[in-house]
Amino acid sequence: MHALKSIHRLLAPGGLLLDIHPTDEPAGIYLGRGRSEHFIAWLEETDEYEEYRQADQAVAQAMSEGFYRLERRNLFWFTIHAASLPELELYLQQEWKDAILPPLAWRRLAQIQDSRQIPGEIRLRERIQLNALLPHG
Amino acid sequence: MIRVDPRANETRALRQSAGSFEGLRVLEIGAGDGRLTRRFARQAAHVVALEPDARRYQRRKLPSSWETHVQFLPLSLEDYLKNPLFAGERFDRVLLSWSL
């Protein structure tokens, strides 16, 4: 909330704040090839996606206190594509330290690949919101 | 090889929400290695991109020709606001890039 108040002072007349952050919907891990996908597991987080709920609350508070009004909310899927689960795991260690690849993901992937002989890539899919906020005052 | 948002959904959402960045002054908070910055900086008149994480800041990748109008700073928003060099700066677009 403090950041949102500070940003308000930085906006020129007619300016726009664009806040991009994930929803608190868990990110899904899939085995994909072209348009075909098989669900593997939900990605876990050490704080169970609590920080994204707090971000939502900060935006809601900034609006209720009259700093901004919501011009538009856009939801979209943001995906990370990896050649393998180990590659995704390494990427997450570097870029998403709170993320936990559950042991179930490895077992499930092995089951799918053994039973269906499906080659493919690993996809991590997150639901992201983009809030376009117009400053009041 | 890791591919990040290969369908450019984020760029499309940004364009739908914010329209063109042509000729605008833009502040990006939490710019990382410049992944999103590269999507709009070419159009903008001036960009200040803040990234306080030293590891991500070191990995920033922007065309050297953009250095005339893109300022990539290893600062948090709080540090930027405290710095008298930047007092009075105003922006047409402020991007809170996965940073709230």
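Within the listed set B:GLU78, B:GLU67, B:GLU22, the Gaussian network model of chain B (springs between alpha-carbon atoms below 10 Å) gives the highest mean-square fluctuation for B:GLU78.
Mind checking B:19-30 for the average number of partner chain beta-carbons within 10 Å of each residue's beta-carbon?
Numbers: counts 2, 0, 0, 0, 0, 3, 2, 2, 5, 1, 6, 2.
For this peptide, the per-residue mean of nearby foreign Cβ atoms is 2.
Per residue, the Cα convex hull of the protein assembly as shown amounts to 127 Å³.
Among the residues of B:33-46, the average count of other protein chain beta-carbon atoms within 10 Å of the residue beta-carbon is 0.
Kindly identify the range A:1-48 as rounded, prolate or oblate by the Cα gyration tensor criterion: order the square roots of the eigenvalues as a ≥ b ≥ c, call it rounded if a/c is under 1.5, otherwise compare a/b with b/c, prolate if a/b is larger, else oblate.
On the way: a/c = 7.15, a/b = 2.29, b/c = 3.13.
Oblate is the answer for the range A:1-48, as a/c is 1.5 or above yet b/c matches or exceeds a/b.
The order of the peptides A:8-17, B:2-11 by mean Cβ neighbours within 10 Å, most packed first, is A:8-17, B:2-11. For the range B:8-100, the set of trypsin sites (Lys or Arg not before Pro) satisfying both a DSSP loop assignment and a count of at most 12 other C-beta atoms within 10 Å is given as B:LYS61. 5 Å is the cut-off here: which amide hydrogens, built 1.01 Å from N in the peptide plane, fall below it relative to A:TYR68, excluding neighbours closer than 5 in sequence? Here A:MET63, A:HIS136 satisfy the definition. Database remark: amide H of B:ALA49 closer than 5 angstrom to the amide H of B:GLU28, B:GLN71, B:PHE72, B:LEU73 (H placed geometrically; neighbours at sequence offset of 5 or more, or on other chains; Pro and chain starts carry no H).
For the pair B:GLN58 and B:ILE2, label points projected 7 Å from Cα toward Cβ lie 1.6 nm apart. Between A:GLU65 and A:PHE39, full extension at 0.36 nm per residue minus the direct alpha carbon distance yields a gain of 5.2 nm.
Mind checking which of A:PRO86, A:PRO22, A:PRO103 has the largest fluctuation in a GNM of chain A, springs on alpha carbons under 10 Å? Ranking A:PRO86, A:PRO22, A:PRO103 by mean-square fluctuation puts A:PRO103 first.
Other residues within the sphere of radius under 12 Å centred on the Cβ of B:SER17, judged by their own Cβ, net out at +2 (K and R +1, D and E -1).
For A:ALA41, nonlocal amide neighbours, meaning residues 5 or more places apart or on other chains whose placed amide H falls under 5 Å from its own, are A:ILE29. Between 0 and 90 degrees, the angle of helix A:50-64 with respect to the longest Cα principal axis of chain A falls at about 20 degrees.
Could you give me D for chain A, from Stokes-Einstein at 4 °C and 1.567 mPa s, where the hydrodynamic radius is the Kirkwood radius over C-alpha pairs? Units µm² s⁻¹, please. The partial results should precede the final answer.
Details: Rh = 16.9 Å.
The estimated diffusion coefficient comes to 76 µm²/s.
If you take every DSSP beta bridge whose two residues both sit in the protein assembly as shown, what share of them, in percent to the nearest 5, is antiparallel?
Values: 35 of 54 bridges.
Close to 65 percent.
How would the range B:20-96 be classified by its alpha-carbon gyration tensor: rounded, prolate or oblate, with rounded meaning a/c under 1.5 and the a/b versus b/c comparison settling the rest? In terms of gyration-tensor shape, oblate.
Bear in mind these aren't lab numbers, they're just calculated from the coordinates by the rules spelled out. Since this is a predicted model, take the numbers as computed values, not measurements. In this analysis, Cβ positions are derived from the backbone assuming ideal geometry, glycine residues included, and neighbour counts consider all displayed protein chains.
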